[in-house]
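Before any comments, here is the structure.
Where a number appears in this text, it was derived from the coordinates with a stated rule and is not lab data. Keep in mind it's a predicted model, so treat the numbers as computed, not measured. When we count neighbours, we look across all protein chains shown, and the Cβ atoms used for this are built from the backbone with ideal geometry, even at glycine.
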């Protein structure tokens with residue numbers, strides 16, 4: 001089992017948690033904490049599909065830029081990439 005196979009559930013959980021936190025207008029500290037965890041996970045280049053990395057980086061940049069709606073869109077695209085079985 002690869003490192004990503006064991007880390008993927010945590011990353012998916014954080015992606016879903018950030019979407020939910022944005023939707024309920026969670027406190028900024030919570031949004032930052034989840035965004036930071038995702039940013040750390042993105043550093044596992046070899047373990048995350050390239051398209052998911054791209055979407056996650058975009059989501060991080062958008063979140064830091066205060067663009068919540070666009071962040072949610074990028075997170076959902078990343079989630080799709082993370083849950084698609086390798087071809």
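Looking only at the stretch 47-87, how many residues end up being touching a residue at least 40 places away in the same chain (Cβ under 8 Å) and not in a loop (DSSP other than H, G, I, E, B)? Break it down stepwise before answering.
To start, the set of residues in the stretch 47-87 that are touching a residue at least 40 places away in the same chain (Cβ under 8 Å) comprises 47-48, 56, 59, 63, 68, 71-72, 75-76, 78-79, 82-83.
Next, only the ones that are not in a loop (DSSP other than H, G, I, E, B) stay: 47, 56, 59, 63, 68, 71-72, 75-76, 78-79, 82-83.
Residues in the stretch 47-87 being touching a residue at least 40 places away in the same chain (Cβ under 8 Å) and not in a loop (DSSP other than H, G, I, E, B): 13 in total.
Give the stretch 26-49 a look and list any residue that's more than 13 Å from the chain's Cα centre (by Cα) and farther than 15 Å from residue 12 by Cβ, or say none.
Matches in the stretch 26-49: 26, 27, 28, 29, 30, 45, 46.
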